[in-house]
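Okay, structure first, notes after.
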Amino acid sequence: MILYRKANFFEYFFKKYQLLVNKILIYKGLNIAVFIMIRIRYIGFILLIISCLKLNSFGQQATETDSLLIQYNLQTADYLINLAREGKIYDFDSAKEFLISAKKMADSLRNTKEQISTLISLGHLYFDNAFFQDAEETFNHILSNYPNDLNDTQFADVKHALGLNNIRFNNYDQAISNIQDALLIYEKNNNRKEIARALKDFGVIYYYLGNKSLALENYQKALSIYREVNDSDGIARTYNNIGMIFKENGNIKQALDY
């Protein structure tokens, strides 16, 4: 009877595992090299299978196997997201395919957390590669479909990114509104670096609107905070923006100071 249960378990597991393998392989973004990396990374998963054999019944084994497969799928989706996000995939098409593959896995598992994480990464990928229409659709999709599932950090991230994307379409009023929503979260959480970034981006918007005095005011506020948190990159970028305004106003000496 025990041998029969084990035999049935192996048959059950093999079918489930083969379905998983086939499912992974059909995603275009997964080439064989990456599939091998995933297999190596999760070799410990195979060891967990052995423990299933110690269970007392086939029903328990099946339940445990389903749980393991779900965890494997979740970790694989997370791995694909990180590959794209961390710049390990250096071309747009590959990164996009990895994120779409991860989104499909998250959808199949109805895992909201992974769905949101994947879509945010995909939106940033579109934006960073100047696919602004795709970026706007992705960020708006997140806000429309997951309004109650976003944490503060995610909400601010999406709103700020959407605001920057609005600038590309010269939709400055909407850009100000979206970045203002993000700023409220930054202030609530006392995220000084992000507060400075929002103020700097307000400066950019007012500069494009031709209001250089208001642009300069926001740049100087941002610069003060960047100095406070010792953000050298933020300081340099803001110096450059301030210098441009002084130069355009004919204040060459002040421009050179920045």
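Odds and ends about this structure:
- Criterion (of a type outside the set (A, V, I, L, M) and farther than 19 Å from Arg237 by Cβ) met by exactly one of Phe155, Phe127: Phe155
- Entirely in the stretch 162-258, the helices (runs of 4 or more DSSP H) that have 2 or more residues that are within 26 Å of Asn151 (Cβ to Cβ), at pLDDT 95 or above and of a type in the set (A, V, I, L, M, F, W, C): 172-188, 192-208, 212-228
- Residue selection: Ile167 satisfies the criterion of being in contact (Cβ under 8 Å) with a residue 40 or more places away in the chain and on the phi < 0 side of the Ramachandran plot.
- Residue within the stretch 177-199 that is farther than 27 Å from Ile235 by Cβ and surrounded by fewer than 20 Cβ atoms within 10 Å (Cβ to Cβ) present: yes
The values are calculated or read from the model by the stated rules, or taken from the named source; none is laboratory data. Please read these numbers as outputs of a predicted model, since none were measured by experiment. Here Cβ is always computed from backbone atoms with ideal geometry, including for glycine, and neighbour counts include all displayed protein chains.
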